[in-house]
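Working notes, structure below.
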Amino acid sequence: MSLLIRNGRIVTAVDDYHADIFVEDETVSLIGRDLDVEADRTIDAAGRLVIPGGVDPHTHMDMPFGGTTSADDFETGTRAAAFGGTTTIVDFAIQTKGHSTLEGLETWHEKAAGKAGIDYGFHMIVTDMEDDRLWEMRRLADEGVTSYKMFMAYPGVLYVDDGTLFRAMRKAGEDGTLVCMHAENGIVIDEIVKIALAEGKTAPKYHALTRPTRMEAEGVHRSIAIAEVAGVPVYIVHLSCADALEQVTLARDRGAQVFAETCPQYLFLDLSHYDHEDFEGAKYVMTPPLREKWNQEHLWRGLGFGDLQSISTDHCPFCFKDQKVLGVDDFSKIPNGGPGVENRMSLVYNGGVVGGRLSVNKFVELTSTAAAKLFGLFPKKGTIAVGSDADIVVFNPDRRETISVDNPCTHHMNVDYNAYEGTEVQGVSEIVISRGRVVVEDNNWHGRAGGGNFLKRGLFGGPF
Ligand code: URP
Ligand code: ZN
Ligand code: ZN
């Protein structure tokens, strides 16, 4: 099967030019002006950007959490991702405490195989790591799982102590793998939560008010300090606020190998969303919580100046009616997480490029290339080049859509609300190609459950 994409404006993290792209089977095989080739199918991309498929390095499909399971499984979640222009996700397998991480990996392979419609990899959530099991980390890397997530939050659930963190970091450094940190002081936060509940403060907004930015900043500072002593790089996930960003900037300025992502919810939504009537604020209960609006400009600056490298979604949807309601009398029982995998590319293009905050190259870097590089997928993923996987999005930079759970062009996620309801965006992914196959066109799904491959990722490539 061959595909010719003609007349498009090809934009990567570094290039911006008009040319044709010839795809043979799953791979880009030729790029040039007015290519003289025969193809099984030709797509006219005149007036469109032709960009690498999005790489979302932080999703939670089919994840048991907060007494329930995230509402998108690997089939519905990856399909929704594709509709939004994302062709690769890196999701999280979970180790059950006291059990092997390899068992956890097996469980997640079973969840994803035969279901994922786009390519996917796994990080491993490590919940304990004694000396006698450290060898597993190398085994995971051999299996293509070259990064781990560890939590300073959620005591009694996913939390690990600093000793475990240090042990795992040192081993990751030896192996050339990368630790991703959920950086929040969960021990102190749990005390604040107890006080709030004792005072009868049970509404969703107290989720945010019991998780001060200082406790995120403290977690960021501490995890970076531990990584520096261990002599390893560290990647901070879902960074939400200026307070935490300052710690990243200070550390990078002194030469620490710190990388960090933020998410659309912290760029476009804010604390006022918890004031919605009738428990609606529960839709925005996620961790870290939404912050005061003024933080957003700091995050945009961090993205523009390179202290934040990537924009992931932390897509972890729970239905409002059946799942968020678990915490109707107690905010601490609301399942933590929100939807977004489908809307990331349009939101970031609109807020970043149309909003005059990011160049179009930076948009590609933040939504695709940087994550591919950090997580051992580049140059197979994250760029358009001869030899790369043909994961390509034909993106209409002028088309406008209003994001809504009721708009069939913006919502395919298996969740009964959209966190960005009513937001008008300019910039829409119109044709989405995953390893040479058109999977989305004219807002129709042409992919298939099981069409996505598991990606064995390479080792951490160092600073770039
Ligand atoms: O609220 C969130 N972020 N839920 C998903 C789990 C995590 O901490 O990333
Ligand atoms: Zn987290
Ligand atoms: Zn997450």
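The values are calculated or read from the model by the stated rules, or taken from the named source; none is laboratory data. Not measured: the values here are computed from a predicted model. We place every Cβ from the backbone using ideal geometry, glycine too, and count neighbours over all the protein chains shown. To get the accessible areas, we keep the full protein, side chains included, count just its heavy atoms, and leave off ligands, DNA and RNA. Shrake-Rupley method; radii C 1.70, N 1.55, O 1.52, S 1.80 Å.
Of the listed requirements (1) more than 16 Å from ligand 2 (Cβ to nearest atom); (2) crowded, with 24+ Cβ neighbours inside 10 Å, V354 misses just one: (2). The sole residue among V248, V220 that is open to solvent by less than 30 Å² (accessible area, probe 1.4 Å), outside any loop (DSSP other than H, G, I, E, B) and either within 16 Å of ligand 1 (Cβ to nearest atom) or out of contact with any helix residue (DSSP H, G or I) (no Cβ under 8 Å at 6 or more places or on another chain) (or both) is V220. Of all the residues in the range 315-351, those that are open to solvent by less than 20 Å² (accessible area, probe 1.4 Å) and among the acidic types (D, E) number 1.
Matching residues to (1) part of a loop (DSSP other than H, G, I, E, B); (2) modelled with pLDDT under 95; (3) within 15 Å of ligand 1 (Cβ to nearest atom); (4) farther than 24 Å from S312 by Cβ:
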position	(1), (2), (3), (4)
F166	no, no, no, yes
M169	no, no, no, no
E174	no, no, no, yes
C180	no, no, yes, no
E191	no, no, no, yes
K194	no, no, no, yes
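Scan the range 365-382 for residues that are open to solvent by less than 40 Å² (accessible area, probe 1.4 Å) and touching a Leu at 6+ places or on another chain (Cβ under 9 Å) and the total you get is 7.
Between A449, A419, A385, which is modelled with pLDDT of 95 or more and open to solvent by less than 10 Å² (accessible area, probe 1.4 Å)? Just one listed residue meets the conditions, A419. Checked against (1) of a type in the set (G, A, S); (2) touching an Asp or Glu at 6+ places or on another chain (Cβ under 7 Å); (3) under 20 Å from C319 (Cα atoms), A282 passes all but condition (2). When we screen D62, D72, D36, D20 for residues that are in a loop (DSSP other than H, G, I, E, B) and more than 28 Å from the chain's Cα centre (by Cα), the only hit is D36. The set of residues in the range 77-98 being part of a strand (DSSP E or B) and open to solvent by less than 10 Å² (accessible area, probe 1.4 Å) consists of T86, T87, T88, I89, V90, D91, F92, A93. Kindly indicate the residue of the range 242-258 that is away from ligand 3 (no atom under 16 Å from the Cβ) and among the hydrophobic types (A, V, I, L, M, F, W, C) and also farthest from A208 (Cα to Cα) among those meeting that condition. Of everything passing the filter in the range 242-258, A256 is farthest from A208 (Cα to Cα). Scanning the range 223-240 for residues that are assigned to a loop (DSSP other than H, G, I, E, B) and open to solvent by 10 Å² or more (accessible area, probe 1.4 Å), we see that the one that is nearest to L303 (Cα to Cα) is P233. Taking the criterion of being closer than 27 Å to F454 by Cβ, within 14 Å of ligand 2 (Cβ to nearest atom) and open to solvent by less than 10 Å² (accessible area, probe 1.4 Å), the residues of the range 143-157 that qualify are S147, Y148, K149, M150, F151.
Selection within the range 261-276: residues that are of a type in the set (S, T, Y) and surrounded by 18 or more Cβ atoms within 10 Å (Cβ to Cβ). The member of this set that is nearest to the chain's Cα centre (by Cα) is T262. When the test is whether a residue is of a type in the set (F, W, Y) and under 30 Å from P155 (Cα atoms), F318 passes it. If you check D329, D322, D307 for being within 20 Å of the chain's Cα centre (by Cα) and away from ligand 1 (no atom under 16 Å from the Cβ), only one passes: D307. Across the range 251-266, which residue is nearest to ligand 1 (Cβ to nearest atom) among those that are farther than 29 Å from I403 by Cα and in a strand (DSSP E or B)? The selected residue is F259.
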